[in-house]
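To start, the structure under review is shown below, and the notes come after it.
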């Protein structure tokens, strides 16, 4: 969950306490927010980055603290594409903290009338972006992370290339499904080769655009998941939406779990379930029923940093808690 609290992409005390609290609270894995691979890849000027040594140095103690609490430190690498250069939510759009820059995408198609018209990427620029993702992967190793997630969801750059609603190119990076997958798969291959073999690399996708016609959908996601599996990706984190500003999404508790279920069964790759999963019994049922291999929690962790401790209590399990908190039992 983006915190919009970094300056020049550099993590600070807020990020240490925010992420560290979730590790103290019993999370098995704590994933840093969408972290940009270059300055233009940020959703807002308050986003984290990992394109320089100062950013790596600031993230390293956060990863180390997460690990010290028995959790796995993870990072999500991203580029916002045409949805970049946005506002920090609680500031007026003209606030000085809301720095602006030109945004890029597969085509000159803005997300909505409130967003910038993106500059269509050249082939040379696509190659440069792959290099940025590879360097960010290496920087993640240097910072001490044990898992990398590639962000291909929510209408950001890789998803923009995948969806025919945002990709209107006529070269080898647009048109057919094979062409629309080319850039995300080329980047994944290069990143997987840069990442240690013994450490997991996973991918977050939007399994559908929720478009009534012509968008990215589950059928295409199954094909993408198979390609990602062949490249050595270890798990697909199954979300949805993000390409259309006014998509009709039938949201209800667990509404995205069927995507994880279908991809898991039809592709034979582990999946993660997300989306309005808010209590322990609900999460446990998803796993026991074999609908996903892990459950990833976001908003509920904003409401309760100690969600796993509460979930364990509700399910009748006793889990280790920090000795400093033992009297709370």
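The values are calculated or read from the model by the stated rules, or taken from the named source; none is laboratory data. Just so we're clear, the structure is a prediction, and the values are computed from it rather than from any experiment. Glycine gets a Cβ as well: all are built from the backbone with ideal geometry, and neighbour counts include every protein chain shown.
Things worth noting here:
- Residues in the range 12-44 that are assigned to a loop (DSSP other than H, G, I, E, B) and either touching a strand residue (DSSP E or B) at 6+ places or on another chain (Cβ under 8 Å) or surrounded by fewer than 18 Cβ atoms within 10 Å (Cβ to Cβ) (or both): 12, 28, 37, 38, 42, 43.
- Qualifying residue in the range 123-145 (condition: modelled with pLDDT of 95 or more, assigned to a loop (DSSP other than H, G, I, E, B), in contact with a helix residue (DSSP H, G or I) (Cβ under 9 Å, 6 or more places away or on another chain) and closer than 25 Å to residue 62 by Cβ): yes
- Some residue of the range 235-257 being part of a helix (DSSP H, G or I) and crowded, with 23+ Cβ neighbours inside 10 Å: yes
- Scanning the range 46-62 for residues that are buried (at least 22 other Cβ atoms within 10 Å of the Cβ), assigned to a loop (DSSP other than H, G, I, E, B) and touching a residue at least 60 places away in the same chain (Cβ under 8 Å) turns up just one, 50.
- Qualifying residue in the range 244-252 (condition: touching a strand residue (DSSP E or B) at 6+ places or on another chain (Cβ under 7 Å) and at pLDDT 95 or above): no
- Qualifying residue in the range 159-168 (condition: closer than 18 Å to residue 49 by Cα, outside any loop (DSSP other than H, G, I, E, B), under 16 Å from the mean Cα position of the chain (by Cα) and at pLDDT 95 or above): no
- Tallying residues that are within 17 Å of the chain's Cα centre (by Cα) and within 28 Å of residue 127 (Cα to Cα) within the range 1-38 yields 10.
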